[in-house]
Amino acid sequence: MGRIVNFGEIMLRLTPPGHTRFVQAERFDIVYGGTEANVAVALAQWDMDSCLVTRLPAHELGQAAVNFLRRYGVDTTFIARGGERIGVYYLEQGASQRSSKVIYDRARSAFAQATEDAFDWDAILAGADWFHFTGITAALGAPLAGMCLAACKQARARGVTVSCDINYRKNLWREAEAGATLEKIMPYVDVCIANEEQARVLFGIACPDEAADLQAKSRYAAEQLHARFGCRYVALTLRSGASADNNTIGAMLYDGETHLVSRFYDVHIVDRVGGGDAFDAGLIYGLCKGLPARDALDFAMASDALKHSIPGDTNHVCAEEVWALAHGDGSGRVQR
């Protein structure tokens, strides 16, 4: 069983009940989440040795976040304590033709103010098989971007596989800054996860055939990302949507020679947040276990599809449920 280290922020999520808008809200539902935390929870539920490296305040809200992770079996050994506040984000759930909306309140959070001495990478990466982070962590300031780079270099020196989900968020940083920062980190990444739009706006990788469909543009982006950064795998997610409630999702995986394309799922969305993280976790699970690339991609995509049916940030499905969907059982019938 591989040991997977995830580096990023866990936050408090506040959501108006149902599909009410922020201006209507009289109360908020509370859950904990954050992209690397979501990956860590999914992997732990699939019996992987999954660790989250982050920083949280020592007060009760920080402890509640630690308790949430422990509830699902995530290793919290390397969570640093300090700072005054946990990062918060507000989510307004979209419906029909109204998009979901996120408002961040994470400035000066305990994690955003972390310094290099908070994390002992020699100890953290000892015995690790995989290191995962996202562009969101690098977006939280130059110090954290530097820590991502330092951790990737140490992981590479130790033979630890490194994965990065580009996960560009325009509310956190500008395209030029994101592209320049990630350009320095990506040569140390073995598994790059992105989409066609991120490749285009951050790295200037645009398909010369403007009339090409999304799959063709994504194939071109995967080839160019692979050539530029030398990643072992490039995974690109594919999404189209008729509304905020109903999307069609799929993905492709490229190893420098072969493009694998997943099954596409028509999903009715209960909660879209965390779908990409569920894909990341599924891909890490499959590749870390040494599964054929096709099986790893199918598991990742089924995990992504199932997450859309789960309220909250994290994906609460067992590996057997994911495999059942990956193998074609998407009937949704009652299990007795």
* Structure fact -> Over region 1-34, the set of residues farther than 29 Å from Asp245 by Cβ, of a type in the set (S, T, N, Q) and open to solvent by 50 Å² or more (accessible area, probe 1.4 Å) is none
* Asked: Failed condition for Ala227, given (1) within 28 Å of Cys288 (Cβ to Cβ); (2) within 22 Å of the chain's Cα centre (by Cα); (3) of a type outside the set (Ser, Thr, Tyr); (4) open to solvent by 20 Å² or more (accessible area, probe 1.4 Å), with all others met?
  -> (2)
* To do: Among the numbered conditions (1) surrounded by 15 or more Cβ atoms within 10 Å (Cβ to Cβ); (2) under 19 Å from the mean Cα position of the chain (by Cα); (3) touching a residue at least 40 places away in the same chain (Cβ under 8 Å), tell me where Ile124 comes up short.
  => (2)
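Here's the yes/no breakdown for (1) modelled with pLDDT of 95 or more; (2) under 29 Å from Val23 (Cβ atoms):
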{"site": "Ile86", "(1), (2)": "yes, yes"}
{"site": "Ser96", "(1), (2)": "no, yes"}
{"site": "Val102", "(1), (2)": "no, yes"}
{"site": "Ala114", "(1), (2)": "yes, no"}
{"site": "Asp117", "(1), (2)": "no, no"}
* Select from region 57-77 the residues that are within 20 Å of the chain's Cα centre (by Cα), part of a loop (DSSP other than H, G, I, E, B) and either surrounded by fewer than 17 Cβ atoms within 10 Å (Cβ to Cβ) or touching a residue at least 60 places away in the same chain (Cβ under 8 Å) (or both) and list them in ascending order. => Tyr72, Gly73
* Of all residues in region 232-252 being of a type in the set (Gly, Ala, Ser) and either touching a Pro at 6+ places or on another chain (Cβ under 6 Å) or open to solvent by less than 40 Å² (accessible area, probe 1.4 Å) (or both), the one that is farthest from Asp271 (Cα to Cα) -> Ala235
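The values are calculated or read from the model by the stated rules, or taken from the named source; none is laboratory data. Bear in mind the structure is a predicted one, so any value in this text is a computation, not a measurement. Counting neighbours? That spans all protein chains shown, and the Cβs are built from the backbone with ideal geometry, glycine included. What goes into the accessible areas is simple: the full protein's heavy atoms, side chains included, and nothing from ligands, DNA or RNA. Shrake-Rupley method; radii C 1.70, N 1.55, O 1.52, S 1.80 Å.
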